[in-house]
């Protein structure tokens, strides 16, 4: 059905849809996040559910204390190496379809704390992330913006075919290895199934003698 | 609070204790008392209980790592560290670990009196007496020093790692600590980080 | 009597609820994508590079002095200095950054780079709608992404930009002897602009 | 209870006593738990509903602030201090700035001192409102009090944003002063917010104070004796709720606190209710300080002109500076070796040390009380673990 006819019909009070749209519509408007804050960003996450920003307008206000009831994990804050196994375990406990928003610099890459010995340089070393929000911390509006981006992503999902999402594809894993505490670091330090960092060209020329007097 | 009369008083009340005033040349002028570990608990008890002192509140407990200057990157010597055992054979364990206690009095509202204790070296002889029996506020802070610096507090009721996990074996706040190598993605590496990144790729 | 306290509290919530129909200040929700909170001028979120004139790459104020790279607390800036000099917007020959990258997935918007920059070349942006699906490509901002015009700067921070412009104009008016920038060892070195075109 | 962190081995779930009457159950509360205020974990041993042992476990947010600071310049550590106690970035800034100023002997201009007091007291207001909101949330009053608290907090955050540019991570203070001066119209806006604040407090108290459920759940719960509080180094509102008159704003009179008229509220019982009330009363005193400071704010410099921003190198030595942050005594201990980086950088975290007596307060109480007692301690994990 073409879009023009559809919008014309909807003006007349007739809603035409197909199964895929209905399915995506239902899921995108009831994303229940896991009640799970790690650090500073969690406060902005709370602020975005409060009266001023009111994430309930997007159907995402029902913060579930249990991962079994949650669709979305907002990784809001620094993931330390001590916490990383728990985060992965929580992710594994969530039922499909599940999404991850990596909120703030620390969750993306370790952020300002990335040089710390106990800080994981980004949660995407262990679990797949759908949306990244840069910022330290991102404003509540930025979280809402990311939630809308996630909704768009869900809306674009096909139910069938090769590009179908993970939860409809039995071959794709929905649980990931939980790292173990080692003597010096987590073991393994990243999950190669998830983590594909591009090779960075290192500027070999050290010309930082100029500048400061 | 001037330390000289306090030192004399302590030497009189706690016989045999070795005290030394460590002067602080900075404008803060917070001088401190170096006490020998054997008499530390007695000194602390006296400071807490003497009616005119009443240092009932131990605010801050800190560890400091002082490796011998030749193995630390920055070898700036200060007035504070003079008696370094240079002839120590093992370079990595030379130097000492220091624990600093900041004491205040809630009753008399005075302070701070700063106590320091030093370990013999940074290797095996890192035992110091715990002052938890005197001030409970030292509990978690001494555990933290044990965790991050590796000072072993004798007499601590519950000396476990507090911040790192139990399987961890390093003492990360020591200045010669080498962090795990996870430098495979450093798009803005320069200076120190660049060196570590290049080390990573060299492997 | 038992329950009086609870009733009192419920009265308060009822007052708030009914009040929200009549009083604007009780109605706090901002309908975000459609409606936005009034823009706060000092607001900051990630740095950008200011350029003068029409051409973004030619007009960059940055002379790649490496001060921000050194001072950046999380070390998320990397600069590659040019080997040649090019005329900047005022026509003076200057070094320029061959590449200037900020890893915004690390940046904490502390604005220390802005504070230490002697050339007023790096300033804070206010844009926050930056969520992305690709961390590696979209969050490592190159020079092209970072460059924004002075007009844009005036638009987001009018008061500050006007003060900066006045400072720069004064410095140029005073010409060579001493630039007005507060911490400017590099500016002093680069200042004696003998023989360059005005 | 979510039992996430390493599920206890089966043996601990078996009856500890063979007669079958009493079963000790080990429950790991946290690190993901809705009311542990972040990633805090407690290993609780329960006899039925009663707590018989409680061991707090930290480190899930240990992000190495101290180690990172040893590799940063003195200025570069300032934005990191924002992230210690992320509710109160400005008081963290102040404590750090105060320590560096003690270390280097820097004098702060008068106007900057006033600005510090104003921003710090605003921080105290928003911290205490949020704490009260979260405490009620822990008690099961889901939503309303917390929403009211955040409504007020947003007003104060707007003030912070228009002054410093950021809502939470203000990075406002510098050694020898403050970073920016007040923008035009800020003081009037702040005066409006502060003037409206007592009305909000009245509303908040009407909402909660007489509430029978609140009374039943908080009075006599988590009692902390005066002697234990002092010995365990508890500071801040918790200490004063136990009846010890010790507020660094009065004791040390750091900054210019000796110029203001305000009182220190003290509690009688040292229970959760007292700790809640102390905070409400402290907010009222903070409003008084704010009114005086905003009235007397002088003109002048906001930054000591002799102190350099870059290449700041204090002379070798050490200093401990402390302030009364909303959580308690926040101290920074710095050892300088004359280089641009501190040799040792230590934060004395009030939240961590206030947790020393958590077990003592919880023993013999129900597991539901543990949540409230923890809520009344007012911890922020960023500061507990650093």
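Readers should treat all values here as calculations from the given coordinates under stated rules, not as data from a laboratory. Just so it is clear, the structure is predicted and the values come from calculations on it, not from any experiment. Neighbour counts are summed over all protein chains in view; Cβ atoms, including those assigned to glycine, are modelled from backbone coordinates with ideal geometry.
Please figure out what share of the DSSP beta bridges in segment C:47-153 is antiparallel and state it in percent, rounded to the nearest 5.
80
With a 10 Å cut-off between alpha carbons and a GNM built on chain C, which of C:78, C:102, C:40 moves the most?
Its mean-square fluctuation being the largest, the pick is C:40.
Using only the alpha carbons of chain C, determine the length spanned along each of the three principal axes and report them from longest to shortest in whole angstroms.
Largest to smallest, the principal-axis extents are 90, 39, 31 Å.
Could you check what % of the DSSP bridge pairs in chain A are antiparallel, to the nearest 5?
25
Tell me the angle of helix C:158-174 to the major Cα principal axis of chain C, expressed in degrees between 0 and 90 and rounded to the nearest ten.
The helix C:158-174 is inclined about 20 degrees to chain C.
Can you order the peptides D:121-132, B:170-181 by their average number of other Cβ atoms within 10 Å per residue, highest first?
Those peptides, ordered most packed to least, come out D:121-132, B:170-181.
Subtracting the Cα-Cα distance from 0.36 nm times the residue separation, let me have the gained length for residue A:193 to residue A:22 in nm, one decimal.
Answer, rounded to one decimal: 58.3 nm.
With a 10 Å radius around each residue's Cβ, average the other Cβ atoms per peptide and rank B:135-146, B:188-199, highest first.
Most protected by this proxy first, the peptides run B:135-146, B:188-199.
What nm value, rounded to one decimal, do you get for the distance between residue C:8 and residue B:6 when each label is placed 7 Å out toward the C-beta?
Output for this residue pair reads 4.8 nm.
Residues of segment D:134-162 with backbone nitrogen within less than 16 Å of a virtual label 7 Å along the Cα-to-Cβ line of residue D:206, please, listed as ranges.
D:145, D:148-149
Considering every residue in A:123-136, what mean count of other chain Cβ atoms within 10 Å of its Cβ is obtained?
That works out to 5 on average.
Whole angstrom only: what separates the Cα centroid of segment A:145-199 from the Cα centroid of segment B:107-153?
Taking the Cα centre of each part, segment A:145-199 and segment B:107-153 sit 45 Å apart.
Cut-off 10 angstrom, C-alpha nodes, Gaussian network model of chain B. Which of B:167, B:184, B:12 fluctuates the most?
Top of the fluctuation ranking is B:184.
Using 0.36 nm per residue, how much length does the chain from residue D:186 to residue D:259 gain when fully extended, once their Cα-Cα distance is taken away?
24.0 nm
Once you place label points 7 Å from the Cα toward the Cβ at residue B:45 and residue C:39, how far apart are they in nm?
Going by the 7 Å Cα→Cβ label model, 7.0 nm.
Mind checking the mean number of beta-carbon atoms from other chains within 10 Å of the Cβ atoms in B:54-63?
Mean partner-chain Cβ count within 10 Å for B:54-63: 6.
Once you place label points 7 Å from the Cα toward the Cβ at residue C:89 and residue A:68, how far apart are they in nm?
For residue C:89 paired with residue A:68, the spin-label model returns 6.1 nm.
Less than 17 Å from a label point 7 Å out along the Cα-to-Cβ axis of residue B:120: which backbone N atoms in segment B:1-36 qualify, by residue?
Residues B:36 fall inside that zone.
Taking just the alpha-carbon atoms of the protein assembly as shown, what radius of gyration and Dmax come out, in angstrom?
In Å, with Rg to one decimal and Dmax whole: 28.7, 99.
Going by Cα centres, segment C:38-111 and segment D:263-338 are how many Å apart?
Each part reduced to its Cα centre gives a spacing of 36 Å.
Relative to the longest principal axis of chain D, what angle (0 to 90°, nearest 10) does the C-alpha long axis of helix D:89-104 take?
It is inclined by approximately 60 degrees.
Roughly how tilted is helix B:40-49, in degrees to the nearest 10 and between 0 and 90, from the longest Cα axis of chain B?
On a 0 to 90 degree scale, this one is about 50.
Quick one: Cα centre-to-centre distance for segment B:21-43 and segment D:91-121, in angstrom?
Spelled out, the Cα-based centre of one part sits 27 Å from the other.
Using a Gaussian network model of chain A with C-alpha springs under 10 Å, which one of A:61, A:172, A:187 is most mobile by mean-square fluctuation?
Answer for the Gaussian network model of chain A: A:172.
Divide by every residue of the protein assembly as shown the summed helix terms, -39500 (n - 2.57) for each DSSP H run of at least 4, and state the resulting mean residue ellipticity at 222 nm, rounded to the nearest 500 deg cm²/dmol.
Rounded to the nearest 500, it is -10500 deg cm²/dmol.
May I ask you to order C:62-73, D:31-42 by the average number of other C-beta atoms within 10 Å around their residues, highest value first?
D:31-42, C:62-73
Taking 0.36 nm per residue of separation and subtracting the Cα-Cα distance, what length does fully extending residue B:160 through residue B:198 add?
In short, 10.1 nm is gained.
Across the residues of C:13-24, average count of Cβ atoms on other protein chains within 10 Å?
1
Can you tell me the Rg and the Dmax, both Å, for the Cα atoms in segment C:47-153?
13.3, 41
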